[in-house]
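The values are calculated or read from the model by the stated rules, or taken from the named source; none is laboratory data. Values in this document were obtained by computation on a predicted structure and should not be read as measured data. All Cβ positions, even for glycine, are placed from backbone atoms using ideal geometry, and neighbour counts span all protein chains on display. Side chains are part of the model used for accessible areas, which takes the heavy atoms of the whole protein and leaves out ligands, DNA and RNA. Shrake-Rupley method; radii C 1.70, N 1.55, O 1.52, S 1.80 Å.
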Amino acid sequence: MTREIHLGDASPNPKPKTKNVDGDAAAVVLPLPAGDGHGKPAARNKLSLVPLIFLIFFEVAGGPYGAEPAVQSAGPLFALLGFLIFPFIWAIPESLVTAELSTAMPGNGGFVVWADRAFGPFTGSLMGTWKYISGAINGAAFPALCADYLARVIPAVADGGPRVATIVTFNVALSFLNYTGLSVVGWSAVALGIASLSPFVLMSGIALPKIRPHRWGVTAGEKDWKLFFNTLFWNLNYWDSVSTMAGEVDNPGKTFPTALLSSVAMTSLGYLLPLMAATGAIDAPPENWGNGFFADAAGTIAGSWLKYWIEVGAVLSSIGLYSATLSSAAFQLLGMADLGLLPRVFALRAPIFNTPWVSIVVTSLITLGMSFLSFNNIVAAANFLYSLGMLLEFATFIWLRINRPEMARPYRVPLGLPGNIVLCLVPSGFLVFVMAIAGWKVYAISAIFTAAGAGVYHLMKFCKARGFLKFGTVDGEEMMYERHQQESRNDGV
C-alpha cells in the first residue's frame, strides 16, 4: 500500500536547485532522462488508465478473498454495513488525498516525496521506512498464501520441499514480470483481475433466486470487534501505494483521479455484492465464515465446479497482489534514491525495460525471506506503522494546502480547508482507534522499526558527507514543474 520543504522560488519558472539528504541547497543536478541509467532514453512504457485501475485494485484488494472474517466476527448484518459504509469514511478520503498529491507531485516515491516537501528529508525518510516495512511484510504473505490455496487443488505442495519450491518459483517468476516493465505488469493485472472476479460475478448471478433478505439481518452471538475492524481495515487500505509509481503514469493529472475513483467503486462492489449473494443465499452460521469460506459457499450455491474456480481465482489474486505490491515497493526505493535518501544504485534502471532492477531484486529478496517466517506480532506492527504513515500523510496534505496554496494541482479535492480537515479527521480517528487497541508487543516492535529507520537516515547522511556511497540529487520542485509543463504541451496537441 504506496503515500516538500525549502522549495525555493515559487515563481512560474522556479530556478532549479537540489537538496542534499540533510536539506541543504546543492549544485544543480537534474534527473537523467528515463532510460538505462546512463542518459539514454528508453522506449515508452507508461501506465494508461485501465491497467492503472487494476493495479490499484490489486494494491488494495484483489477480490473479496479475505473478507470472510468480517462475517465470522460480527455476522452478515454488520459485515454488509461495514463494507457499505467503510469506503466512505476510509477508502474515499485516502483516495482523494492520493489523487491530489500524486498529480501535484507526479514523480516516483509518492508519499515519501510529499512528506519530504512538507516537513523535510528526515520526515520523508521516516515515512519511507514505515511504508516500506509495511508493504514488504504485506507482500511476503502472498507467496505463502498462494502455496496454501494451491495446496487445496494440488495437495503435494502443502509442505516440505514442494512448498518451498512453489514459494521460490512464485517469487522469481513475478520478479521477472516486474523487470519487464510496468505496462506488462499493468495489463497482466487486468487479465488476473478479470479471471479472479469472474467466479464471484457468476456466483452472485446464480444466487439471485435463492436469496432470502432476512438472512442479511443475522448477527454473531459473540462479537469480536477487534477482528471485525481489523478485517475492514486490512481489506480496504493501501490506496496510496500506487503513488510511488506516479512518474510512470501517462498524463497523471487526468489519469490518477479517474483510476482511483474507478478502483474504489470496483473494489467496494467487489466485496459487497458477493457478500450479499453468499450470506443471503445459504443458511450458514457466522462461525463458519473463516478464511476461504467463499469457495464453500460457491459450492453450495452452484456446485463443486464453481468452488474450484474460486480456489483457482484465489491463486490468481495472490499473484496480482504480490506483483502490484512488489512494483509499488520497488518504485518507492527508486524515488527515495532520486531524492538522495538512499544510494543512487537503487535508482538504476534496466537497459531495455527501463525498470528499477536493483530495487526490484532487493525487495524480492526481502519478501522471499519473510515468506518463510511466522510473525503475527510483526504483521500487527506493520499495520501500526502503516497507520503512523497515514496520519503523517493526512498531516502533509493539510500542511501543503495551508502553506503551499500556489502549488500546481491538476486535480484538487473539491472542498475548502474546513472540509479537507474533516475529510482527514474522520479516517484519522479510526487510525488512532486501530493503534490504541494494539498490544504492548506491537508498540515495542514498532518502536524498534522506527528507531532503525531513524538510524538508516543518519547513516545515509554520514555516508553522503564522507563520500562513501554515491547519491542522486533530484530537485522535486523542478521535476514537478517540468512534468506539469509536459502535460500542458500534450493537452495542447
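Contact annotation: residue pairs with Cβ atoms under 8 Å, 6 or more positions apart or on different chains, pairing a residue in the range 170-182 that is open to solvent by 50 Å² or more (accessible area, probe 1.4 Å) with a partner that is polar (S, T, N, Q), are Val172/Ser364; Tyr179/Thr355. Close contacts from the range 214-230, counting a first residue that is under 18 Å from Ala281 (Cβ atoms) and open to solvent by less than 60 Å² (accessible area, probe 1.4 Å) and a second that is modelled with pLDDT of 90 or more and among the acidic types (Asp, Glu), with Cβ to Cβ under 8 Å and a gap of 6+ residues or different chains, come to Arg215/Asp283. For the range 61-99, the candidate set comprises residues that are outside any helix (DSSP H, G or I) and aliphatic (A, V, I, L, M); within that set, the residue that is nearest to the chain's Cα centre (by Cα) is Ala61. Picking from residues in the range 39-88 that are buried (at least 22 other Cβ atoms within 10 Å of the Cβ) and of a type in the set (Ser, Thr, Tyr), the one that is modelled with the highest pLDDT is Ser73.
Leu145 falls short on exactly one of the conditions (1) open to solvent by 20 Å² or more (accessible area, probe 1.4 Å); (2) assigned to a loop (DSSP other than H, G, I, E, B), and that condition is (2).
Take the conditions open to solvent by less than 70 Å² (accessible area, probe 1.4 Å), within 26 Å of Leu316 (Cβ to Cβ) and outside any helix (DSSP H, G or I) and apply them to Asn237. Does it pass? Yes; evaluated as a whole, the condition is true for this residue. For the range 436-451, filtered to residues that are assigned to a helix (DSSP H, G or I) and either crowded, with 17+ Cβ neighbours inside 10 Å or acidic (Asp, Glu) (or both), the residue that is modelled with the highest pLDDT is Thr450. When we screen Asp250, Asp283 for residues that are more than 18 Å from the chain's Cα centre (by Cα) and more than 22 Å from Val60 (Cβ to Cβ), the only hit is Asp283. Checked against (1) open to solvent by 10 Å² or more (accessible area, probe 1.4 Å); (2) farther than 30 Å from Arg212 by Cα; (3) assigned to a helix (DSSP H, G or I), Ala115 passes all but a single condition, namely (1).
Of everything listed in (1) open to solvent by less than 30 Å² (accessible area, probe 1.4 Å); (2) not in a helix (DSSP H, G or I), the single unmet condition for Gly389 is (2). Screening the candidates Val201, Val164, Val172 for the property of being modelled with pLDDT under 95, farther than 30 Å from Ala337 by Cα and of a type outside the set (Gly, Ala, Ser) yields one hit, Val164.
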